[in-house]
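Have a look at the structure below before the remarks.
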Amino acid sequence: MNRRRLSFSLAVLVGCLLLHRVVGGGLVFEAIILGTGYPHGLLGLKYSRRGIKAAMERTPAKLTILIAVPLGMLAITYGWDVYALIFYFGLHHALSETYFDNEAGSRHGSWSKGLLVLCIFSGYLSATRAQLGLGFVCDAMLFITALASSAAFLMLNRSEFAERARIIGFLNNHSWALIGPALAVLAVWYPIDWKVIILYHFGFYGLLPLVKQGMLSDSNRRTFWIEGAVWNGLGISVFLVMVLFAAVWNVQFLFSVSYQCFLALTYMHITWSFLISPGNPVWIKSLFGQGSGVPA
C-alpha cells in the first residue's frame, strides 16, 4: 500500500495549479514545463535503455518504435500534433495512475480497472476541455462520464469501505478515482491547462521514491535525487534565461523550436513507456510482447 499517495498527489497537483495561477500560462510557465519535461524524458530514456533494447528484439515493439519516431518528429513542424498529444498524454496519464500499484491491481477485476481508466481519462479531457474545443455536447458527455464512472468504480469496490483502515488504503491506491472527477468539477469555474497535468506528472514521478519507499536501494536513491536535482535545476535555469532573452530581444522563436522538440520527445517517451513499463496492463504487454524496463 502507498500510504501517502492520496495526500502527496493532492499536494503536487495543488502546487502545480497554484504555480499556474501565480505565473500565468505564459513563457515563465512554459519555461518550467520545458525545464522539467526535458529531464523527465531524457532521464526516462537513460533508465529505460535495457528495456528499449529488449523491446527492439521483438517484432511488434520494433515496428511500433519505427513508426512512432517519424510520427513524433511531426510535432516539430505540424501544430495539429499538440492537439493529438493532449489525447495521447491523457491516455498515458490514465493508465499510469490506474496501474500505479501492480499488487493493488491484482486484487480487482478488469472491469473495475477499466472503469478507473475511463474515469481518469474522461475527467482529464473534461478538465482541459477549454483547449480541446469539442463543443458543448461532447463536454457535457465527458463531464457526466467522469462522474458516473467514478461512482460506478467506487460502488463496485464498496466492500473496501467496511473499515477505516481499508478505506484509507483503497483511496491511497486509487487516489485518482476522486481527483479525476474533482478536476472536472473544478474546471467548470476554473479552466485547467493540460500543461498543468503534465507538470503534475513530471513532479509526482520525479519525487516517486517519497511515495514508494522500497523502490530503490540507498545508493540508487542518492543517485536518483542528485540526478533529478541537477537535471531539473539546469533545465529550469536554461529556459528561464531564455525567457529573459525572449523579453529583451524578442526571440520567441527559441521557445517555439524548444517547445516543438519537447512535444516530439514527449510523444516518443509515452510510446516507449507503452512498450517497456512493467506497470502496463496485461493487454498492452501482450500486444507489444513487452520487455523489461523502468516505469515511465
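Using 1/(1 + (r/R0)^6) with R0 = 35 angstrom and r between the beta carbons of Ala148 and Ser219, what's the FRET efficiency to the nearest 0.05?
On the way: r = 47 Å, r/R0 = 1.34.
Step by step, r from the Cβ atoms, then E = 0.15.
Could you give the length gained by full extension between Lys212 and Val282, i.e. 0.36 nm per residue of separation minus their alpha carbon distance, to one decimal place?
Details: separation 70, 0.36 × 70 = 25.20 nm, distance 2.19 nm.
Result for the pair: 23.0 nm of gain on full extension.
For a quick protection proxy, order the peptides 271-277, 140-146 by their average other-Cβ count within 10 Å, most packed first. Walk me through the numbers before you get to the answer.
Numbers: 271-277: 23.4, 140-146: 18.4.
Descending packing order for the listed peptides: 271-277, 140-146.
Suppose R0 equals 30 Å. What FRET efficiency, 1/(1 + (r/R0)^6) with r the Cβ-Cβ distance, do Val238 and Leu91 give to the nearest 0.05?
On the way: r = 30 Å, r/R0 = 1.00.
Using R0 = 30 Å, I get an efficiency of 0.50.
For the pair Val185 and Leu156, what calculated FRET efficiency results from E = 1/(1 + (r/R0)^6), where r is the Cβ-Cβ distance and R0 = 25 Å, to the nearest 0.05? Kindly include the intermediate steps, with their values, before the conclusion.
Numbers: r = 21 Å, r/R0 = 0.85.
After rounding, the FRET efficiency stands at 0.75.
Determine the shape class of the range 1-52: with a ≥ b ≥ c the square roots of the Cα gyration tensor eigenvalues, call it rounded for a/c under 1.5, and otherwise prolate if a/b is greater than b/c, oblate otherwise. The partial results should precede the final answer.
Working: a/c = 5.33, a/b = 1.20, b/c = 4.44.
Note, shape of the range 1-52 comes out oblate.
Mind ordering 37-44, 113-120 by average Cβ neighbours within 10 Å, highest first? List each step's numbers first, then the result.
Details: 37-44: 21.0, 113-120: 22.9.
Answer by packing, highest mean first, reads 113-120, 37-44.
For the range 146-296, what does the alpha-carbon gyration tensor say about shape, rounded, prolate or oblate, given a ≥ b ≥ c as the root eigenvalues, a/c under 1.5 as rounded, and a/b over b/c as prolate?
Values: a/c = 1.87, a/b = 1.47, b/c = 1.27.
Prolate, because a/c is 1.5 or more and a/b exceeds b/c.
Dipole of the range 131-200, Cα-centred, from +1 at each Lys and Arg C-beta and -1 at each Asp and Glu C-beta, to the nearest 20 debye? Don't jump to the answer; show the numbers that get you there.
Working: 4 positive and 4 negative charges, 32 e Å.
Dipole magnitude for the range 131-200 comes out near 160 debye.
Test of understanding: what is the full-extension gain from Lys53 to Cys138, defined as 0.36 nm times their sequence separation minus their Cα-Cα distance?
On the way: separation 85, 0.36 × 85 = 30.60 nm, distance 4.08 nm.
Extra length from Lys53 to Cys138 when fully extended: 26.5 nm.
Sorted by packing (mean other beta-carbon atoms within 10 Å per residue), highest first, where do 88-95, 19-26, 175-182 land? Please list the in-between numbers first.
Working: 88-95: 20.6, 19-26: 12.9, 175-182: 22.5.
Descending packing order for the listed peptides: 175-182, 88-95, 19-26.
Bear in mind these aren't lab numbers, they're just calculated from the coordinates by the rules spelled out. Note that this is a predicted model, so its numbers are computed, not measured. Methodologically, a virtual Cβ is constructed for each residue, glycine included, from the backbone with ideal geometry; neighbour enumeration extends over all protein chains shown.
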